[in-house]
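As C-alpha coordinates, the structure follows; a few thoughts come after it.
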Amino acid sequence: MEAPGSGARRAEYNGKQETRNVRETILNILRDIRPDVDFENETGLVSGEVLESFDLLTIIASLQDELGVEIGNREINAENFDSLDAMCAMAERLTHA
(Lines give C-alpha, C1' and ligand atoms only; values in the text may rest on other atoms or scores of the structure.)
Protein backbone atom coordinates (compact mmCIF):
# COMPACT_ATOMS: atom_id res chain seq x y z
CA MET A 1 0.00 0.00 0.00
CA GLU A 2 1.23 3.48 -0.90
CA ALA A 3 2.09 5.71 2.05
CA PRO A 4 -0.41 8.50 2.77
CA GLY A 5 0.74 11.78 1.31
CA SER A 6 2.99 10.13 -1.23
CA GLY A 7 1.30 11.92 -4.09
CA ALA A 8 0.56 8.68 -5.98
CA ARG A 9 -3.10 9.66 -6.24
CA ARG A 10 -2.33 13.37 -6.59
CA ALA A 11 -5.39 15.23 -7.80
CA GLU A 12 -4.36 18.28 -9.77
CA TYR A 13 -6.91 20.92 -8.92
CA ASN A 14 -7.09 23.61 -11.56
CA GLY A 15 -10.41 25.16 -10.58
CA LYS A 16 -12.31 22.93 -13.03
CA GLN A 17 -11.98 19.61 -11.26
CA GLU A 18 -15.34 18.29 -10.20
CA THR A 19 -16.26 18.43 -6.53
CA ARG A 20 -16.86 14.68 -6.71
CA ASN A 21 -13.22 14.07 -7.59
CA VAL A 22 -12.04 16.20 -4.68
CA ARG A 23 -14.38 14.29 -2.39
CA GLU A 24 -13.09 10.94 -3.70
CA THR A 25 -9.49 12.04 -3.23
CA ILE A 26 -10.15 13.14 0.35
CA LEU A 27 -12.11 9.97 1.09
CA ASN A 28 -9.23 7.84 -0.23
CA ILE A 29 -6.75 9.75 1.95
CA LEU A 30 -8.94 9.21 5.00
CA ARG A 31 -9.47 5.52 4.29
CA ASP A 32 -5.72 5.00 3.85
CA ILE A 33 -5.10 6.52 7.26
CA ARG A 34 -8.03 5.01 9.17
CA PRO A 35 -9.75 2.18 7.28
CA ASP A 36 -11.79 1.35 10.39
CA VAL A 37 -13.83 4.59 10.28
CA ASP A 38 -17.03 5.19 8.28
CA PHE A 39 -16.04 8.62 6.98
CA GLU A 40 -19.13 8.99 4.82
CA ASN A 41 -21.38 8.98 7.89
CA GLU A 42 -19.21 10.09 10.82
CA THR A 43 -19.71 13.74 11.79
CA GLY A 44 -17.64 13.93 14.97
CA LEU A 45 -14.17 13.02 13.75
CA VAL A 46 -12.45 15.60 15.94
CA SER A 47 -15.12 16.55 18.47
CA GLY A 48 -15.90 12.88 19.08
CA GLU A 49 -12.19 12.03 19.32
CA VAL A 50 -12.41 9.50 16.47
CA LEU A 51 -9.20 10.90 14.97
CA GLU A 52 -6.01 11.23 16.97
CA SER A 53 -3.58 14.13 16.65
CA PHE A 54 -1.17 12.09 14.50
CA ASP A 55 -4.08 11.19 12.18
CA LEU A 56 -4.82 14.90 11.74
CA LEU A 57 -1.20 15.74 10.97
CA THR A 58 -1.11 13.00 8.35
CA ILE A 59 -4.43 14.15 6.85
CA ILE A 60 -3.24 17.75 6.64
CA ALA A 61 0.02 16.79 4.96
CA SER A 62 -1.78 14.49 2.52
CA LEU A 63 -4.40 17.11 1.61
CA GLN A 64 -1.69 19.67 0.95
CA ASP A 65 0.31 17.23 -1.14
CA GLU A 66 -2.47 15.60 -3.12
CA LEU A 67 -4.82 18.55 -3.62
CA GLY A 68 -2.16 21.22 -3.85
CA VAL A 69 -3.78 23.38 -1.18
CA GLU A 70 -2.03 25.29 1.59
CA ILE A 71 -3.68 24.66 4.96
CA GLY A 72 -2.68 27.48 7.30
CA ASN A 73 -2.95 27.60 11.06
CA ARG A 74 -6.29 29.41 10.83
CA GLU A 75 -7.79 26.44 8.98
CA ILE A 76 -6.65 23.82 11.48
CA ASN A 77 -9.67 23.56 13.75
CA ALA A 78 -12.34 21.03 14.68
CA GLU A 79 -14.94 22.65 12.44
CA ASN A 80 -12.89 22.03 9.28
CA PHE A 81 -11.92 18.45 10.16
CA ASP A 82 -14.99 17.08 11.95
CA SER A 83 -16.42 15.36 8.86
CA LEU A 84 -15.72 14.46 5.26
CA ASP A 85 -18.11 17.20 4.14
CA ALA A 86 -16.29 19.79 6.27
CA MET A 87 -12.92 18.80 4.78
CA CYS A 88 -14.36 18.98 1.26
CA ALA A 89 -15.80 22.44 1.93
CA MET A 90 -12.45 23.62 3.30
CA ALA A 91 -10.59 22.24 0.26
CA GLU A 92 -13.03 24.01 -2.06
CA ARG A 93 -12.56 27.31 -0.18
CA LEU A 94 -8.79 27.02 -0.24
CA THR A 95 -8.60 26.22 -3.94
CA HIS A 96 -10.73 29.23 -4.80
CA ALA A 97 -8.99 31.65 -2.42
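The values are calculated or read from the model by the stated rules, or taken from the named source; none is laboratory data. Just so you know, these numbers come straight off a predicted model, no measurement behind them. Here the Cβ is made from the backbone with ideal geometry for all residues, glycine too, and neighbour counts use every protein chain on show.
Structure above, values below:
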| item | result |
| --- | --- |
| Region 58-87 residues that are assigned to a loop (DSSP other than H, G, I, E, B), paired with ones that are among the hydroxyl-bearing types (Ser, Thr, Tyr) (beta carbon under 7 Å, 6 or more apart) | Gly68/Tyr13; Val69/Thr95; Asp82/Thr43; Asp82/Ser47; Ser83/Thr43 |
| Contacts under 7 angstrom Cβ, first residue in region 12-33 being under 15 Å from Asp85 (Cα atoms), partner among the β-branched types (Val, Ile, Thr) and at pLDDT 95 or above, 6 or more apart | Ile29/Ile59; Leu30/Ile59 |
| Any chance Ile59 is of a type in the set (Val, Ile, Thr) and under 15 Å from Arg23 (Cβ atoms) | yes |
| From Val37, Val50, Val46, residue being farther than 22 Å from His96 by Cα, modelled with pLDDT of 95 or more, in contact with a Gly (Cβ under 8 Å, 6 or more places away or on another chain) and in a loop (DSSP other than H, G, I, E, B) | Val50 |
| Hits in region 58-97 (condition: surrounded by fewer than 13 Cβ atoms within 10 Å (Cβ to Cβ) and either closer than 12 Å to Ile33 by Cα or of a type in the set (D, E, K, R) (or both)) | Glu70, Arg74, Glu79, Arg93 |
| Matching residues in region 33-42 - criterion: being surrounded by 13 or more Cβ atoms within 10 Å (Cβ to Cβ) and of a type outside the set (Asp, Glu) | Ile33, Arg34, Val37, Phe39 |
| Hits in region 32-64 (condition: touching a Pro at 6+ places or on another chain (Cβ under 9 Å) and charged (D, E, K, R)) | Asp32 |
